[in-house]
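*Asks:* Provided herewith is a single structure, encoded as C-alpha cells, for subsequent inquiry.
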Amino acid sequence: MRALRYDSFGPVTSVVRLVEAAQPRPGRGQVLVRVQYAAINPLDCKLVEGEFRRLFKSKPPAGIGTEFSGTVEALGPGVAMPKIGTPVVGFIDPTARPPGALQQFVAVDAKDVLAVDAVDLDTACTLPVAGVAALQMCRLGEVKGGQRVLVHGAAGGVGSFAVQIVRLLGGKPVATGSRLSQPVLATLEPEAVVNYATQKVSAWGGPFNVVLDCASTLGDADIGELMPNGGRYVRTLPAFPSVLLDPVLNATRPVKRFTLKLKPNTEDVRTLLNWMRRGMLKPLISERVALANAIAALDHLQAGRAQGKLVVGVS
C-alpha cells in the first residue's frame, strides 16, 4: 500500500516520503479500514518536526495523520460490527499509538470508528480531531447562552468549527483572522470579525466571558485586556510551564486558564455528525488534494497559508 512516512524528525519537505509499505492486519478487537479520505492538521506537522515528542508517540519511523474516513475492509478476531463494507469515520489517538491515517489501509480498534450515513465521507473525516477539539474547547470554556466568546484563529480547522459550535450553544462568537481570511470568517456568521494583524487587542470588542485561543498565541497582557472581569481562557497547544501551573493558580485568579487535552471519542463525533446531518454544522474545507500531493499540502499548512481544513483523497 502507499503511505506517508518519516524516518527522522525534521521539516516536512525534508523528511516525509510517500512509500510502499506492508498492508496492516487487524488484530483482536480491531477493524481494517480502506482509507478514502484523511484530514490533516497543524499537529501533524509539529509531530514530524519533533515537537511534543514526550507527549505523543511520534518517534520515527512513523506515519502521519490522525483522522480519516473510509470503508471497513476486514474484521479482526472478536469483532462483529461494523460489518465489512460499512462506511466509517475514525481516529488514531497519537497519545496511545503512532499516527498513520495518510495511508491506504489502517488497522484500528473497532471502538475508534463510527458508522457514517447521510454525510459525505470527505466531510466526515474532518470531525474526529478538529471538530472534537472545538467541541471540547467549548466545554472547557463552559460556553453557554448569551456569553460573548472570542475565537482567536477562527479561519483554521479547529477555529472554524469553534465559531459554529459557540453559536449552536447559544453563545455570541467574535472571530479573529488575517486580512485574507476576513471573507471566509464572514461565512461562519459570527457576531463580528476582527483583523488581528491590523487591529489592536483593545479594539477586538472585549470584554469577553470566554476566549478560545485556537492559534495559541495570546499572551498575558492580551488575556488581561480581553477579559478584565475574569472568565475562562482555553488554548489548543501546551505552553510550559503554564500548562503545569494553571491547575494550581486557577484557584485564586479571576481568569481561569486551560490547555486542551484532546480526548478523541466516538460519542463526540456522533454529536457533530448529528449537527452536520441537520445542516447545522459544516466544515470549512479549503482544498482537496490527492495522496501524491499530500506532502505539499502539509507544507502549505505548516507555512500558515491554509484556511479551514485540507482533505487528502487517499484511495
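The values are calculated or read from the model by the stated rules, or taken from the named source; none is laboratory data. These numbers come from a predicted model, not from an experiment. Heads up, the Cβs are rebuilt from the backbone with ideal geometry, glycines too, and the neighbour counts pull from every protein chain shown. Only protein heavy atoms, including side chains, enter the accessible area calculation; ligands, DNA and RNA are left aside. Shrake-Rupley method; radii C 1.70, N 1.55, O 1.52, S 1.80 Å.
*Asks:* Within the range 143-172, can you find the residues that are more than 19 Å from Gly65 (Cα to Cα) and touching a Lys or Arg at 6+ places or on another chain (Cβ under 6 Å)?
*Replies:* Arg148, Lys172, listed by residue number.
*Asks:* Which residues, taken from the range 195-212, are free of Cβ contacts under 8 Å to residues at least 12 places away in the same chain and of a type in the set (S, T, N, Q)?
*Replies:* Of everything in the range 195-212, just one residue is free of Cβ contacts under 8 Å to residues at least 12 places away in the same chain and of a type in the set (S, T, N, Q), namely Gln199.
*Asks:* Could you please find all residues in the range 266-303 being open to solvent by 60 Å² or more (accessible area, probe 1.4 Å), closer than 19 Å to Gly10 by Cα and within 16 Å of the chain's Cα centre (by Cα)?
*Replies:* Gln302
*Asks:* Related question: What strands (runs of 3 or more DSSP E) completely inside the range 41-122 contain at least 2 residues that are over 24 Å from Ile295 (Cα atoms)?
*Replies:* Passing ranges, in order: 67-75, 87-91, 113-115.
*Asks:* Looking at the range 202-222, which of its residues are within 21 Å of Leu237 (Cα to Cα) and out of contact with any strand residue (DSSP E or B) (no Cβ under 9 Å at 6 or more places or on another chain)?
*Replies:* Matches in the range 202-222: Gly219, Asp220, Ala221.
*Asks:* Ok, one more. Taking the condition of being in contact with a Cys (Cβ under 9 Å, 6 or more places away or on another chain) and assigned to a strand (DSSP E or B), how many residues in the range 1-23 meet it?
*Replies:* 0
*Asks:* Taking the criterion of being under 24 Å from Leu298 (Cβ atoms) and without any contact (Cβ under 8 Å) to a residue 60 or more places away in the chain, would at least one residue in the range 111-120 satisfy it?
*Replies:* Taking every residue of the range 111-120 in turn, at least one turns out to be under 24 Å from Leu298 (Cβ atoms) and without any contact (Cβ under 8 Å) to a residue 60 or more places away in the chain.
*Asks:* Tell me, please, whether a residue that is modelled with pLDDT of 95 or more, among the charged types (D, E, K, R) and part of a strand (DSSP E or B) can be found in the range 247-259.
*Replies:* yes
*Asks:* So, in the range 223-240, how many residues would count as being within 26 Å of Val129 (Cβ to Cβ) and either part of a helix (DSSP H, G or I) or open to solvent by 60 Å² or more (accessible area, probe 1.4 Å) (or both)?
*Replies:* So the count comes out to 2.
*Asks:* Applying the selection to the range 20-68, what residues are of a type in the set (Gly, Ala, Ser) and without any contact (Cβ under 8 Å) to a residue 40 or more places away in the chain?
*Replies:* The answer is Ala22, and nothing else.
*Asks:* For Val48, state whether it is closer than 19 Å to Leu273 by Cβ and modelled with pLDDT of 95 or more.
*Replies:* no
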